[in-house]
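First the structure, in the form of structure tokens, and then the observations on it.
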Amino acid sequence: MKKLITAILFLLPVSVFAAGGGTTYPNEPANIDLTDKTSLQNGAKLYVNYCLGCHSMEYVRYSRIAQDLELTEEQTVNNLILGDRQFGDTMDKSMNGELAKKWFGVDPLDLSLVARVRGEDWVYNYLRSFYVDPSRPFGVNNTVFPEVGMPHVLADLQGLQAKSDALLSVEEQIAEAKAVLNDSEASDQAIAEAEEKQHKAEAEMAKLAAEGQMFVQIKEGQMTAEEYDENIRDLTAFMAYTANPVKLESKRMGVWVLMFLFVLLILAYFLKKEFWKDVH
Ligand code: HEC
């Protein structure tokens, strides 16, 4: 419990920051489907293979995943449990936190709740927005999470992409406009012009994002863009499930709650009759 509270406190400023950060691009809806068990199973498999090395899910047990995602113990052991973990264990990461700090500058977060903190759409777009940037330690940056400390661990699936010329030009216009807006000596007219320029450039940015024109593919991966997006949708769905496992159950539970209330109503009715019997 203490750990949970610490984690929530730790995540709190992140969410405040995320909420105040304005729109990031791309910003497509993730469109996940939590009732699609195959999608969640694929997401779990991707998570274990590509993320669990660095990111634990401390509040999630393999056995619980098996139950919720309709996997047998054998399927779970064969597909999801790496190393010497047991069926009843929580999903601990393999990497030691101290070492991670040395390598990445930060100890990668536990991701049990990330889809709730950041939002599903944020996670979906983040995982699709790594682009080549030689100035960064791992050679990649991210438009959704600028200056990110995480390497592009899915590069073999997605391949590599770079910012398109159109995007670079829009970013330049935004930067130019911002420079004027931050200049305390700028005239009123210059400020008005800069505001309009910024407005236009931001509209153009939204358009590029909507049309999928922000990036150009510079190296092919094992998957096509559609396949990659589909898999990222599954991975996001899995993280949305771990962030709120009760969602899967809430419908089933709702029916029981209604039945319970109905039984209670009947009991209450007979109880009332019993009480009033002597009064009349
Ligand atoms: C090699 C280690 C490593 C692997 C593997 C890895 N990550 Fe990360 N990840 C990081 C680091 C380091 C950060 C922190 C980035 C920062 O704060 O700059 C991070 C940050 C994140 C964040 C942002 C968390 C937040 O809210 O700040 C998400 C989401 C994320 N990773 C998801 C994933 C997913 C999904 C996978 C698997 C596809 C994955 N990561 C694999 C190292 C890793």
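Data overview
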item	result
Net charge of neighbours whose Cβ lies under 12 Å from the Cβ of Q161, counting Lys and Arg as +1 and Asp and Glu as -1	+1
Charge dipole of the chain about the Cα centre (unit charges at C-beta), most positive-ward option of L267, P137, I191	L267
Charge tally in the Cβ shell below 15 Å around A210, where Lys, Arg are +1 and Asp, Glu are -1, A210 excluded	-4
For region 102-224: relative contact order, % (alpha-carbon pairs under 8 angstrom, 6 or more apart)	27 percent
Relative contact order (%) - region 132-182, alpha-carbon pairs under 8 angstrom, separation at least six	27 percent
Nearest 10 degrees, 0 to 90: helix 246-277 Cα axis against the chain principal axis	30 degrees
Dipole magnitude of region 71-177 about its Cα centre (Cβ charges: Lys, Arg +1; Asp, Glu -1), debye to nearest 20	120 debye
Unit Cα scatterers, Debye sum, region 48-161: log10 I(q)/I(0) for q = 0.10, 0.13, 0.23 Å⁻¹	-0.35, -0.59, -1.34
Probe 1.4 Å, all protein chains present, accessible-area order of V255, V117, largest first	V255, V117
Probe 1.4 Å, all protein chains present, accessible-area order of S63, S39, S135, largest first	S135, S63, S39
FRET efficiency estimate (nearest 0.05) - Cβ-Cβ, S135 to H199, R0 35 angstrom	0.75
Expected 222 nm ellipticity per residue - DSSP helices of 4 or more, -39500 (n - 2.57), all of the chain, to 500	-18500 deg cm²/dmol
HN-Hα J in Hz across region 112-120 - Karplus 6.51, -1.76, 1.60, θ = phi - 60°, x for Gly and Pro	3, 10, 4, 5, 7, 5, 8, x, 4
Probe 1.4 Å - accessible area at M214, Å² to nearest ten	10 Å²
Highest-first arrangement of 196-206, 262-272, 177-187, where packing means the average Cβ count within 10 Å	196-206, 177-187, 262-272
Net +/- balance of residues flanking E226 in space, Cβ distance below 14 Å, scoring K and R +1, D and E -1	-4
Residue-level accessible surface for R118, protein heavy atoms, 1.4 Å, Å²	50 Å²
Note, ³J(HN,Hα) from phi for region 163-170, Karplus 6.51, -1.76, 1.60, rounded to Hz, x at Gly and Pro	5, 6, 4, 4, 5, 4, 5, 4
Student exercise, region 233-280 dipole from Lys, Arg, Asp, Glu Cβ charges, in Debye to nearest 20	100 debye
The chain, relative contact order [Cα under 8 Å, separation at least 6], %	25 percent
Estimated vicinal HN-Hα couplings, Hz - region 191-198 in sequence order (Karplus 6.51, -1.76, 1.60; Gly, Pro = x)	5, 4, 5, 5, 4, 5, 4, 5
Accessible surface, 1.4 Å probe, highest first, among residues W256, W122, W276	W256, W276, W122
Gain in span if fully extended, E274 to A166, counting 0.36 nm per residue against the direct Cα distance	31.0 nm
Assigned charges on the beta-carbon of Lys, Arg, Asp, Glu; the chain dipole about Cα centre (debye)	1460 debye
Nearest-10 value in Å² for the accessible area of I232, using the 1.4 Å probe	0 Å²
Dipole axis of the chain (+1 Lys, Arg; -1 Asp, Glu on Cβ), positive-most option in N27, V255, L157	V255
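The values are calculated or read from the model by the stated rules, or taken from the named source; none is laboratory data. As the structure is a prediction and not an experimental result, all values here were calculated from the model. Counting neighbours? That spans all protein chains shown, and the Cβs are built from the backbone with ideal geometry, glycine included. Just the protein is used for accessible areas: all its heavy atoms, side chains included, with ligands, DNA and RNA removed. Shrake-Rupley method; radii C 1.70, N 1.55, O 1.52, S 1.80 Å.
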